[in-house]
């Protein structure tokens with residue numbers, strides 16, 4: 001196993017484990033529980049679920065892997081805080097979005113050739129990338145795994 | 001910048017940012033607030049702080065960087081759940097432990113030569129490491145950053 005293979009495996013393994021843990025937790029929480037706030041006055045489970053899907057849709061864009069799957073989630077789950085927008089998809093719909101998105105991401109990630117993980121992501125310019133080569137696609141996975149874990153710790157409180 | 005330099009920077013940058021965010025949050029929470037539960041019936045802030053210090057002490061061991069700084073925290077914050085042990089250090093003491101430990105880790109991490117991050121950690125055998133080279137020291141940073149982010153999301157609820 002080359003150094004590059006090893007490091008890509010390390011980062012993707014952590015992402016996969018976080019996605020899997022989140023999926024298991026979501027399966028353990030019924031629809032009614034996901035409507036509850038994770039703590040008094042804080043975000044509801046349904047909001048965090050929508051937020052994660054919206055952020056992972058952005059990830060597709062950042063990696064240059066195509067269009068967002070659910071652009072309608074950007075407004076309620078990224079641009080607004082919980083309860084600011086009342087018309088949001090149901091928990092049942094969000095669960096289906098989550099499951100489908102995880103499959104799409106899995107497929108796209110496994111299709112990427114190894115070296116492509118070290119290419120620049122779409123939010124960094126070619127000039128910037130010359131002096132900041134760490135702003136690559138693999139780094140997007142590192143930061144988004146971090147984000148997922150942050151909210152996973154919160155969702156866990158509904159369990 | 002070599003591939004190895006780039007990837008070590010990516011992983012350590014994420015660790016550093018998580019540690020910094022946690023430090024900022026702790027500074028924003030007063031001692032009384034840290035005594036509160038993050039959600040009704042869940043862990044208290046003081047427990048999560050002690051837990052993080054205990055886990056980061058384990059990290060020193062796993063990286064072969066010396067003995068635990070605060071071995072007395074293993075029992076109340078790793079082997080037992082919150083409120084099972086009543087005699088625990090004060091928030092003031094834990095804040096001092098956290099600050100000192102962050103400095104020690106920072107110093108030890110920056111002293112490590114680049115290639116050493118890809119050596120095996122202490123919980124994996126030499127035989128295992130031959131076929132599983134991803135079980136290296138850098139991977140310990142990846143998994144512990146993930147752990148830190150999980151609890152950081154929870155501590156944030158006290159803010």
| request: Restrict the check to the stretch A:93-105 and report whether at least one residue is out of contact with any helix residue (DSSP H, G or I) (no Cβ under 9 Å at 6 or more places or on another chain), surrounded by 15 or more Cβ atoms within 10 Å (Cβ to Cβ), more than 21 Å from residue A:15 (Cβ to Cβ) and at pLDDT 95 or above. | output: no
| said: Being crowded, with 18+ Cβ neighbours inside 10 Å, facing chain A (nearest Cβ under 10 Å) and either in contact with a helix residue (DSSP H, G or I) (Cβ under 6 Å, 6 or more places away or on another chain) or closer than 27 Å to residue B:111 by Cβ (or both) is true for just one of B:39, B:54, B:17. Which residue is that? | reply: B:39
| query | Got a sec? Which of A:118, A:129 is farther than 22 Å from residue A:24 by Cα, touching a strand residue (DSSP E or B) at 6+ places or on another chain (Cβ under 8 Å) and surrounded by fewer than 16 Cβ atoms within 10 Å (Cβ to Cβ)? | reply | A:129
| Boolean, residue A:6 is under 30 Å from residue A:118 (Cβ atoms) and in contact with a strand residue (DSSP E or B) (Cβ under 8 Å, 6 or more places away or on another chain) | yes
| request: Quick one: residue B:82 ticks every box in (1) in contact with a strand residue (DSSP E or B) (Cβ under 8 Å, 6 or more places away or on another chain); (2) closer than 23 Å to residue B:29 by Cα; (3) loosely packed, with under 12 Cβ neighbours inside 10 Å except a single one, so which number is it? | output: (3)
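The values are calculated or read from the model by the stated rules, or taken from the named source; none is laboratory data. The structure displayed is predicted, hence computed values, not measured ones. In this analysis, Cβ positions are derived from the backbone assuming ideal geometry, glycine residues included, and neighbour counts consider all displayed protein chains.
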